[in-house]
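Visitor: Take this structure, written in structure tokens, and hold onto it; I'll ask about it next.
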Amino acid sequence: MNIEIRSASGRRPDLRRIATHPDYWYPVAWSHQLKQRRPLGVRFAGDPIVLYRGASGRAFALEDRCAHRQVPLHLGTVQGDALKCGYHGWTYDCAGKCIEVPYLGPEHLPNGVRSYPVDEIDGLIFVFPGNPQLADARKQPSIGAKADRRYLTRRLKREVACHYSFMHENLFDMNHQFLHRRQMGLIRTQCLGRRQGETWCEVDYTFKRAAGIATVGEAAIRNVVGRLPSAGSRDLMTIRTEYPYQRLKFWATGGGDPVLDVWLAYTPWDRQQRTNRTFGYLSVKKPRLSAFLYLAWPFIARFTDNIFREDKDIVEREQAAHDAQGDDWNNEIFPAICDLRELLARCGIRPE
């Protein structure tokens with residue numbers, strides 16, 4: 001049974017105005033982007049953050065503004081594990097404390113800037129923008145199948161001009177396969193079941209091709225080239241939103257390990273949260289003859305890029321429609337998406 005969430009006034013809240021909750025780890029950059037002695041400016045929901053890698057090799061994150069004249073600290077220089085503003089040379093340690101003003105004595109040091117907990121996991125840099133006391137308890141040991149050597153993995157990265165909830169809905173609802181008919185032919189989707197908890201929900205699907213044939217990229221992902229499905233067998237896809245992340249696993253005919261494992265996070269970039277940076281990993285299980293997968297990798301990249309490009313275009317059009325209407329006119333009838341919308345509304349921050 002679906003319980004529709006409504007505000008105190010009895011009106012259903014506009015999901016597109018519910019902010020993502022800051023008390024979680026959010027990716028803001030790839031590890032390879034952060035070079036020593038080269039600070040990097042990023043954002044979370046409009047708040048400027050500077051990342052820098054100290055002499056120790058560790059990554060640190062501070063509020064990206066000098067407490068003096070408010071200029072961005074990412075224009076400064078790294079000294080040891082400290083960051084020096086490029087304007088007057090005010091220096092901040094990795095906790096945000098001002099430790100030097102070149103033209104003042106140590107007894108006249110002003111207040112510092114905010115620091116953020118930072119973690120690097122599987123090549124991604126995460127910050128914890130919320131209550132730092134919750135940071136350690138909500139760390140993730142790994143991301144998807146990135147660290148599993150049985151899989152070949154590629155980075156997923158994109159800036160998308162829409163609210164993060166559109167991204168969650170797009171992946172969770174596999175009934176939109178008609179959108180991808182040019183890439184995959186006509187695919188019929190069947191929902192097999194759904195489950196939910198306080199901070200998560202998931203849905204299962206199976207698929208049947210109604211028309212068209214698989215491309216080389218799709219076939220390589222399925223890991224079933226040259227193999228026919230057995231009688232009564234079927235593919236299985238499970239998509240799980242475990243707030244605020246999403247994960248998709250796909251088992252081809254025959255079972256075993258997933259042949260496809262996708263992990264995604266949507267980091268809001270602007271203060272209105274109408275733009276997000278999508279970070280993720282797409283991992284494909286290596287077949288016995290793994291050389292085939294490496295040969296097919298360019299086709300897999302092209303196939304998945306085409307799918308993501310179509311998804312990006314459609315969710316940005318959804319955002320444009322919302323902005324033109326001034327409210328969430330979503331007329332949702334699919335139970336799995338109703339579950340998801342309730343979860344996002346329950347876990348996010350509602351406008352006052």
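Visitor: Considering segment 97-108 alone, what residues qualify as being over 39 Å from the mean Cα position of the chain (by Cα) and either part of a loop (DSSP other than H, G, I, E, B) or under 30 Å from Arg43 (Cβ atoms) (or both)? I'd like the intermediate steps shown before the answer.
Guide: As a first pass, look at segment 97-108 and keep what is over 39 Å from the mean Cα position of the chain (by Cα): 102-108.
Answer for segment 97-108, where residues must be over 39 Å from the mean Cα position of the chain (by Cα) and either part of a loop (DSSP other than H, G, I, E, B) or under 30 Å from Arg43 (Cβ atoms) (or both): Pro102, Tyr103, Leu104, Gly105.
Visitor: For the subset of segment 178-198 comprising residues that are open to solvent by 50 Å² or more (accessible area, probe 1.4 Å) and touching a helix residue (DSSP H, G or I) at 6+ places or on another chain (Cβ under 6 Å), which member is nearest to Phe299 (Cα to Cα)?
Guide: If we take residues in segment 178-198 being open to solvent by 50 Å² or more (accessible area, probe 1.4 Å) and touching a helix residue (DSSP H, G or I) at 6+ places or on another chain (Cβ under 6 Å), then Arg194 is nearest to Phe299 (Cα to Cα).
Visitor: Still on this structure, I have one more. So Cys201 passes all but one of these: (1) out of contact with any helix residue (DSSP H, G or I) (no Cβ under 7 Å at 6 or more places or on another chain); (2) modelled with pLDDT of 95 or more; (3) under 30 Å from Pro335 (Cβ atoms). Which condition number does it fail?
Guide: (1)
Visitor: Name the single residue, out of those in segment 86-96 being of a type outside the set (D, E, K, R) and within 31 Å of the chain's Cα centre (by Cα), that is surrounded by the fewest Cβ atoms within 10 Å (Cβ to Cβ).
Guide: Initial filter on segment 86-96 (of a type outside the set (D, E, K, R)): 86-92, 94-96.
Imposing the further condition that a residue be within 31 Å of the chain's Cα centre (by Cα) reduces the set to 92, 94-96.
Details: Tyr92: 25, Cys94: 19, Ala95: 14, Gly96: 18.
For segment 86-96, the residue satisfying everything is Ala95.
Visitor: Note down all Cβ pairs under 7 Å where the first residue falls in segment 134-148 and is more than 26 Å from Leu260 (Cβ to Cβ), the second is open to solvent by less than 20 Å² (accessible area, probe 1.4 Å) and part of a loop (DSSP other than H, G, I, E, B), and they're at least six residues apart or on different chains.
Guide: From segment 134-148, the pairs are Ala135/Phe128; Arg138/Trp25.
Visitor: What is the number of the single condition among (1) in contact with a Lys or Arg (Cβ under 6 Å, 6 or more places away or on another chain); (2) open to solvent by 40 Å² or more (accessible area, probe 1.4 Å) that Leu295 does not meet?
Guide: Only one criterion in (1) in contact with a Lys or Arg (Cβ under 6 Å, 6 or more places away or on another chain); (2) open to solvent by 40 Å² or more (accessible area, probe 1.4 Å) is unmet by Leu295, namely (1).
Visitor: Suppose we keep only residues that are at pLDDT 75 or above and out of contact with any helix residue (DSSP H, G or I) (no Cβ under 6 Å at 6 or more places or on another chain) within segment 222-240. Which one would you say is farthest from Cys162 (Cα to Cα)? Break it down into steps so the answer makes sense when it comes.
Guide: Quick first cut of segment 222-240, residues at pLDDT 75 or above only: 235-240.
Cutting the leftovers down to out of contact with any helix residue (DSSP H, G or I) (no Cβ under 6 Å at 6 or more places or on another chain) gives us 235-238, 240.
Numbers: Asp235: 31, Leu236: 29, Met237: 25, Thr238: 24, Arg240: 21 Å.
So the residue we want is Asp235.
Visitor: Sticking with this structure for a sec: Report whether or not Val113 is under 29 Å from Tyr266 (Cβ atoms) and of a type in the set (A, V, I, L, M). Write out each step before concluding.
Guide: Working: under 29 Å from Tyr266 (Cβ atoms): yes; of a type in the set (A, V, I, L, M): yes.
Against the criterion (under 29 Å from Tyr266 (Cβ atoms) and of a type in the set (A, V, I, L, M)), Val113 qualifies.
Visitor: While we're on this one: Residue by residue through segment 124-156, note down the ones that are open to solvent by less than 40 Å² (accessible area, probe 1.4 Å), touching a Lys or Arg at 6+ places or on another chain (Cβ under 7 Å) and either among the hydrophobic types (A, V, I, L, M, F, W, C) or in a loop (DSSP other than H, G, I, E, B) (or both).
Guide: Those that are open to solvent by less than 40 Å² (accessible area, probe 1.4 Å), touching a Lys or Arg at 6+ places or on another chain (Cβ under 7 Å) and either among the hydrophobic types (A, V, I, L, M, F, W, C) or in a loop (DSSP other than H, G, I, E, B) (or both): Gly144, Leu152.
Visitor: From the list Arg43, Arg69, Arg65, Arg53, which residue is of a type in the set (Lys, Arg) and over 28 Å from the mean Cα position of the chain (by Cα)?
Guide: Values: Arg43 fails: over 28 Å from the mean Cα position of the chain (by Cα); Arg65 fails: over 28 Å from the mean Cα position of the chain (by Cα); Arg53 fails: over 28 Å from the mean Cα position of the chain (by Cα).
Result: Arg69 is the single residue among Arg43, Arg69, Arg65, Arg53 that is of a type in the set (Lys, Arg) and over 28 Å from the mean Cα position of the chain (by Cα).
Visitor: Within segment 241-290, count every residue that is over 17 Å from Arg158 (Cβ atoms), open to solvent by less than 30 Å² (accessible area, probe 1.4 Å) and of a type in the set (Ser, Thr, Tyr).
Guide: Looking only at that region, the number is 4.
Visitor: Return yes when Gly80 is out of contact with any Lys or Arg (no Cβ under 6 Å at 6 or more places or on another chain), farther than 27 Å from Leu264 by Cβ and free of Cβ contacts under 8 Å to residues at least 60 places away in the same chain and no when it is not. Full working, then the answer.
Guide: Values: out of contact with any Lys or Arg (no Cβ under 6 Å at 6 or more places or on another chain): yes; farther than 27 Å from Leu264 by Cβ: yes; free of Cβ contacts under 8 Å to residues at least 60 places away in the same chain: yes.
Answer is yes for this residue.
Visitor: Ok, one more. Quick one: how many residues across segment 309-352 are touching a strand residue (DSSP E or B) at 6+ places or on another chain (Cβ under 7 Å) and surrounded by 18 or more Cβ atoms within 10 Å (Cβ to Cβ)? Outline the logic, then answer.
Guide: Restricting attention to segment 309-352, the residues satisfying the condition of being touching a strand residue (DSSP E or B) at 6+ places or on another chain (Cβ under 7 Å) are 312, 315-316, 335-336, 339-340, 343, 348-349.
Adding the requirement that they be surrounded by 18 or more Cβ atoms within 10 Å (Cβ to Cβ) leaves 312, 315, 336, 339-340, 343, 348.
Qualifying residue count for the region: 7.
The values are calculated or read from the model by the stated rules, or taken from the named source; none is laboratory data. Quick caveat: nothing in here was measured; it's all calculated off a predicted structure. Quick reminder, even Gly has a Cβ in these numbers, built from the backbone with ideal geometry, and neighbours come from all protein chains shown. To get the accessible areas, we keep the full protein, side chains included, count just its heavy atoms, and leave off ligands, DNA and RNA. Shrake-Rupley method; radii C 1.70, N 1.55, O 1.52, S 1.80 Å.
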